[in-house]
Structures are given as C-alpha cells and as structure tokens.
Amino acid sequence: MSDTDQAAVAALADGGLVILPTETVYGLAADAGNAQAVADIFEAKGRPRFNPLIAHVSDAVQAERIAVFDDRARRLADAFWPGPLTIVAPVRDRDEVCDLARAGLDSVAVRAPGHARARAVIAAFGRPVVAPSANRSGRPSPTTFEDAVEETGFAAGAALDGGDCAVGVESTVVSVLDGRLTLLRPGAVTRDEIEAVAGPLDTGGQGHRSPGRLTVHYAPDAPVRIEADQARPGEVLLGFGPGVGDPDLSLSPTGDLREAAANLFRRLRQADRLKPAGIAVSPIPQTGLGEAINDRLRRAAGHVG
C-alpha cells in the first residue's frame, strides 16, 4: 500500500474525511461508525441529515457484518459486487454504521465498490466507510479528482487520485426488505439485469431509504433544459448521437449510453464553466442505462415531484 493510501487509512482512523475514488463518482469518506466524522461530512457538503448514506465495504463478508442479507441479496452481491450496486437491507450492527449515517432508519445501504484502490483502503481500515459524492449538496457529482478537490477538498485530511471514474453516475440502489425487491435509484446495473438475477421488481415505496432522491439534485449553476432539439440563444447544447452539437461538449457523439453516463457530470461542469444562460441536453433513450441518465437529468432540471 502506498504512503498516500496509508495516510488515508490514518485519517479515517483519526475521525477525518478522505476524498476516495470509486468507479461511479468520487466520494467524501469517513468512518461509518463515528457520528462526529459523519456529521462533518454533512457539514462539508451542506447535505440534509434526513438523507441516508451508503456504507462502503471491502467485500460481502464485511457487508454481512452490518446488514442482514437474504438469498436475493446474496445473489445480487454475488452477481454485481464489486461494482455499482447498492443493496438496502435490515441493519445488523448499529454501531458500525451509526444512526446519523442511516438517517435513523432500521435499514442500511451497503455496497462493495468496483475501484480496487477504494476497496484496499477500506480493507486496511477494517470497518465500513460512508462515502457520499464529494460535491457540495445538490451540485453535479465529481467524476474527476480535480473536480472532487475543488468541491470538498477543503474538508479532507487526505485525497486519493484514482483517475477519472469509469461509470460516471452513482450506484444503482435496490432494497431487499419485507419480502419485496424494489428499485430505489437507477444506475449502471440496470432494471433488466437485476430482475434476471433476483426476480421481479416491485414498484414504489421505500424511496426515503436511498440517497439521491431530492427533487433538485446534481444541478449546475446554469438552468438545465432536457430533451432539447437544439440550443436557444445563450444556451450550450450537450448533444447525443452523430452530428448533434459540438463534439467537445457531446455526451456521446456515437450515441453510446455508457459513454454518455461516463461523460454526464463532467460535461455539465464543463458547460457550466462557460457561464451560459442555460444548458440544453439532447434527448436520451429511456432504455437500459438511459433510465439512470434521464433520472439524473430530470433532477438537475428540477423536473421530479
């Protein structure tokens, strides 16, 4: 383990905050059982305390120390971990993930991130860490080290550069509670992939158990207009597909949804730095990963609720 990673482990042990790379977005991490450290995350982000945090673990063994998994939860972990899937299950150990981190709920959200460096730090620390996106609350999540440091680096005792995030949108969140399997937040693990492993998804309910459900979220300073055919005067257009808008601002010039997801937040930030009157975004298909992209865009535009 590098000196930088060891410094991150030491910062976590001292109750400090760490900018932590994952494959989804950069997180601002702290000891999940340290209520003061968790409070420091809420303070640094300006995040509402009713919004639960995800406990990040090194593997499924560590996950089952803090959560009660049934057969479906285990099948999901086996299929998609390490990776961009969060499982919400009944809490087993209320000390390792404190009440503030769980927003006082009887459930806990847990995932093993796909970024090897993040898992190594968590394993060396020996306890779960909460690691919400390392942005100020409501703003686009950081998917580059530079953006993470710009947003919340002032609060971090250590910062790890893990390169650009490969996935680019926050994890899928699915709850396995009371015999129901419910999709709470779409992400890179799609609805169809979940159902292929664990069976049919229920609809509605349990949304309070997931982060990222605020009506206005992931928003740049400029207003966002979605499903736009073209830019209006003063707007910047984020295109999707061949020949749509400026290629340097396109979510994907080829119309590839995985590329669009990886580019989503960095393009919103790139456009916002141009100080436009608004940011227009081309229509994105609703299928597969497009469900997650459209979810983030609707919230950035304030079109939820």
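Does Ala37 fit the bill of being part of a helix (DSSP H, G or I), in contact with an Asp or Glu (Cβ under 8 Å, 6 or more places away or on another chain) and hydrophobic (A, V, I, L, M, F, W, C)?
Yes, satisfied.
Taken over segment 125-138, residues that are in contact with an Asp or Glu (Cβ under 7 Å, 6 or more places away or on another chain) and either within 16 Å of Gly16 (Cβ to Cβ) or in a loop (DSSP other than H, G, I, E, B) (or both) amount to 6.
Just checking, which of Asp70, Asp93 is open to solvent by 20 Å² or more (accessible area, probe 1.4 Å) and within 17 Å of Ile194 (Cβ to Cβ)? Step by step, each of Asp70, Asp93 is checked, and only Asp70 is open to solvent by 20 Å² or more (accessible area, probe 1.4 Å) and within 17 Å of Ile194 (Cβ to Cβ).
Within segment 196-221, residues that are at positive phi reach partners that are part of a loop (DSSP other than H, G, I, E, B) and modelled with pLDDT of 90 or more with beta carbons closer than 6 Å, at six or more positions or on different chains, in the pairs Gly212/Glu170; Tyr218/Pro140. Within segment 233-261, residues that are in contact (Cβ under 8 Å) with a residue 24 or more places away in the chain sit with their Cβ atoms under 9 Å from residues that are hydroxyl-bearing (Ser, Thr, Tyr) and open to solvent by 10 Å² or more (accessible area, probe 1.4 Å), at 6+ positions apart or across chains, in these pairs: Gly241/Thr254; Leu257/Thr287.
In segment 240-299, the residue that is nearest to the chain's Cα centre (by Cα) out of those that are basic (Lys, Arg) and part of a loop (DSSP other than H, G, I, E, B) is Arg273.
Does segment 88-134 hold any residues that are within 20 Å of Ser210 (Cβ to Cβ) and free of Cβ contacts under 8 Å to residues at least 12 places away in the same chain, and which are they? Hits for segment 88-134 are Arg94, Gly104.
Among the residues in segment 248-256, are any buried (at least 23 other Cβ atoms within 10 Å of the Cβ) and aliphatic (A, V, I, L, M)? Scanning segment 248-256 turns up at least one residue that is buried (at least 23 other Cβ atoms within 10 Å of the Cβ) and aliphatic (A, V, I, L, M). Summed over segment 7-23, residues that are open to solvent by 10 Å² or more (accessible area, probe 1.4 Å), part of a helix (DSSP H, G or I) and small (Gly, Ala, Ser) total 4.
The values are calculated or read from the model by the stated rules, or taken from the named source; none is laboratory data. Keep in mind the model is a prediction, meaning the values are calculated, not measured. Reconstructed Cβ throughout: ideal geometry from the backbone, glycine too, with neighbour counts over all protein chains shown. Ligands, DNA and RNA are excluded from the accessible area calculation, which covers all protein heavy atoms including side chains. Shrake-Rupley method; radii C 1.70, N 1.55, O 1.52, S 1.80 Å.
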